[in-house]
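Q: Following this message is one structure expressed as structure tokens.
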Amino acid sequence: MSFRTALTGLNAASADLAVISNNIANNNTTAFKQSRAEFGDIYSLSDLGTSTRRSIGTGVKLNSVTQLFKQGNLETTSNPLDLAIDGEGFFVLQDSDGSMLYTRAGAFGVDKDGYIVNTRGQTLQGYLTNPTTGEIDTGNEGALRTQTANIDPKQTTTGEFGINLNASAIPPTQAFDFKDSRTYNFSSALTIYDSLGNDHSLNSYFVRDSAVPAGAPAGTTSAWDVYFSMDGLGLDGNALPAAGAATASGTLGFDAFGAATATYVAGTWLTTIAINLNSIVPTNGPDPITGNGTPNGAENPINTSGTPPGVTIKFDTTTQYGSPSSTNAATQDGFATGRIVGVDVGEDGTMNGRYSNGQAKVLGQVILANFRSTSGLSPIGDTSWVETAASGQPVKGPPGTASLGLVRAGALELSNVELSEQLVKMISAQRNFQANAQVISTADQMTQTLLNMR
């Protein structure tokens, strides 16, 4: 009987050593979860199915090999599609046969069709966007994909100059000519876009007035004339436009504290200047500009037809202080067509596409899954698992909700194997094996003694 009992000990020690060696072998495997061998003793039962006080154990058996889902350390990488879960949960993958897999190994990339996949070509699942609204639709799950089509251009509708004009500037003595820098005190440029995504250079020129024009709002102590040209072509407000040019002009007023009071255009004080750039090649006559005032003559270049202007230029943050003239900000809301150049993933799993024109677009949201009993999951290799009756069905949701962790982009979860701990366990398993082998050797000697009795 000692032989058989010791043999079960040898088998148990061998199984323990096999589990330990597998842990050590996967010390550098991404998101690997170490296993633990769990054993139970064996007792012989009586005819009544129970053990007695004189029962002697008959050895040991391997009850189970349990994986420990303790989170591993996170390591930063340079790949924005390397994803790690900080907390509980699993990424959801779909295999080529349609089956669902679950993993914490987040080394992802983009395949030839734009899908987010792992090294085995399994697609990362998430919430897709509504094609009409562009917003994430939590009722629509599927394979996450980067868009291969270019993003449509957007025509500029609003621009803003944040400028400081030097309060000590001396008014020029010559008539304004945008080609002659001696005829204006300061200029600033802004790139704007038409409906086709073509870029155009909109220049503003600032000329210090020698006196405050009549009709200025109360409190105005100084004024500047502001002129515009586009694409390097300009003209006088009373002249005929040149082909391909678009211009407009107005006046900025400032109070004694250097704050802008209003913008003056063709006899009317305005808060903004709006330039009609819907047509890049204007017809003969003054260039139309639109304001919120009242027209004051047939030659007044104010568009009263009700047609929305192409671009509205604001000077809300323009100041006049005793420091050199400078452009502090020049912004606009248009952009050219753009192609996707990268993907960013937020901690809530939101996936945004970055485009060559500086724009971003929501592409979807990574979903995570969790289980009531993670120990009931069945490992299938490649640090992936499938659900079983013991694990229960997956509970899915966005990262950061319920019991689900957050997603860390540009990082990978390392193996949770503690190498020093495994080496200690290996020594223990080795000694256990040696001890059981010694039992067999001793039992053999006792048997030989009996056989040698005469």
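Q: Does T183 satisfy being under 30 Å from G381 (Cα atoms) and either among the polar types (S, T, N, Q) or not assigned by TED's automatic domain parsing to the domain that holds A369 (or both)?
A: no
Q: Looking only at region 180-196, which residues are under 19 Å from S210 (Cβ atoms) and crowded, with 18+ Cβ neighbours inside 10 Å?
A: If the condition is that a residue be under 19 Å from S210 (Cβ atoms) and crowded, with 18+ Cβ neighbours inside 10 Å, then Y184, N185, F186 are the ones that fit.
Q: Sticking with this one: Any idea how many residues of region 74-96 are within 15 Å of G342 (Cβ to Cβ) and outside any strand (DSSP E or B)?
A: Going through region 74-96 one residue at a time, the tally reaches 5.
Conditions (1) touching a His at 6+ places or on another chain (Cβ under 7 Å); (2) assigned by TED's automatic domain parsing to the domain that holds S378; (3) touching a residue at least 40 places away in the same chain (Cβ under 8 Å); (4) under 30 Å from A13 (Cα atoms), marked per residue:
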{"residue": "R36", "(1), (2), (3), (4)": "no, no, no, yes"}
{"residue": "G57", "(1), (2), (3), (4)": "no, no, yes, yes"}
{"residue": "A84", "(1), (2), (3), (4)": "no, yes, yes, no"}
{"residue": "K112", "(1), (2), (3), (4)": "no, yes, no, no"}
{"residue": "Y127", "(1), (2), (3), (4)": "no, yes, yes, no"}
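Q: Can you tell me which residues in region 435-454 are surrounded by fewer than 12 Cβ atoms within 10 Å (Cβ to Cβ), assigned to a helix (DSSP H, G or I) and not hydrophobic (A, V, I, L, M, F, W, C)?
A: The answer is Q438, S441, Q445, Q448, T449.
Q: Restricting the search to region 393-421, which residues are over 21 Å from the mean Cα position of the chain (by Cα) and either closer than 22 Å to Y127 by Cα or not small (G, A, S) (or both)? Show your work before the answer.
A: Pass one, region 393-421, residues over 21 Å from the mean Cα position of the chain (by Cα): 393-395, 402-403, 414-421.
Of everything in region 393-421, those that are over 21 Å from the mean Cα position of the chain (by Cα) and either closer than 22 Å to Y127 by Cα or not small (G, A, S) (or both) turn out to be Q393, P394, V395, A402, S403, L414, N416, V417, E418, L419, E421.
A quick yes/no check of all residues on (1) of a type outside the set (D, E); (2) under 30 Å from M446 (Cα atoms):
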| residue | (1), (2) |
| --- | --- |
| L7 | yes, yes |
| D16 | no, yes |
| V19 | yes, no |
| K33 | yes, no |
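Q: Which of the residues spanning region 25-67 are at pLDDT 95 or above, polar (S, T, N, Q) and part of a loop (DSSP other than H, G, I, E, B)?
A: N26, N27, N28, T29, T30, Q34, listed by residue number.
Q: Sticking with this structure for a sec: Scan region 210-217 and give yes if some residue there is surrounded by 13 or more Cβ atoms within 10 Å (Cβ to Cβ), under 21 Å from K314 (Cβ atoms) and under 47 Å from the mean Cα position of the chain (by Cα), otherwise no.
A: No; the residues of region 210-217 include none that is surrounded by 13 or more Cβ atoms within 10 Å (Cβ to Cβ), under 21 Å from K314 (Cβ atoms) and under 47 Å from the mean Cα position of the chain (by Cα).
Q: Here's something else I'd like to know. Could you check, for region 369-379, whether at least one of its residues is at pLDDT below 95 and touching a Leu at 6+ places or on another chain (Cβ under 7 Å)?
A: No, every residue in region 369-379 fails to be at pLDDT below 95 and touching a Leu at 6+ places or on another chain (Cβ under 7 Å).
Q: For region 164-187, indicate whether the set of residues that are part of a strand (DSSP E or B) and under 30 Å from Y115 (Cα atoms) is non-empty.
A: no
Listed here are the residues, each with its yes/no results for (1) in a loop (DSSP other than H, G, I, E, B); (2) surrounded by 19 or more Cβ atoms within 10 Å (Cβ to Cβ); (3) under 21 Å from the mean Cα position of the chain (by Cα).
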position: Y102; (1), (2), (3): no, yes, no
position: Q125; (1), (2), (3): no, yes, yes
position: P131; (1), (2), (3): yes, no, yes
position: G134; (1), (2), (3): yes, no, yes
position: E141; (1), (2), (3): no, no, yes
position: A149; (1), (2), (3): yes, no, yes
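Q: Something else: Among (1) surrounded by fewer than 19 Cβ atoms within 10 Å (Cβ to Cβ); (2) acidic (D, E); (3) out of contact with any Ser or Thr (no Cβ under 6 Å at 6 or more places or on another chain), there is one condition D177 misses while meeting the rest; what is its number?
A: Unmet for D177, out of (1) surrounded by fewer than 19 Cβ atoms within 10 Å (Cβ to Cβ); (2) acidic (D, E); (3) out of contact with any Ser or Thr (no Cβ under 6 Å at 6 or more places or on another chain): (3).
Q: Do we find that T350 is more than 20 Å from L81 (Cβ to Cβ) and in contact with a strand residue (DSSP E or B) (Cβ under 9 Å, 6 or more places away or on another chain) in this structure?
A: Numbers: more than 20 Å from L81 (Cβ to Cβ): no; in contact with a strand residue (DSSP E or B) (Cβ under 9 Å, 6 or more places away or on another chain): yes.
Considered against the rule, which asks whether it is more than 20 Å from L81 (Cβ to Cβ) and in contact with a strand residue (DSSP E or B) (Cβ under 9 Å, 6 or more places away or on another chain), T350 comes out as no.
The values are calculated or read from the model by the stated rules, or taken from the named source; none is laboratory data. The model shown is predicted, which means the values in this text are computed figures rather than measured ones. Virtual Cβ from ideal backbone geometry, glycine too; neighbours counted across all protein chains shown.
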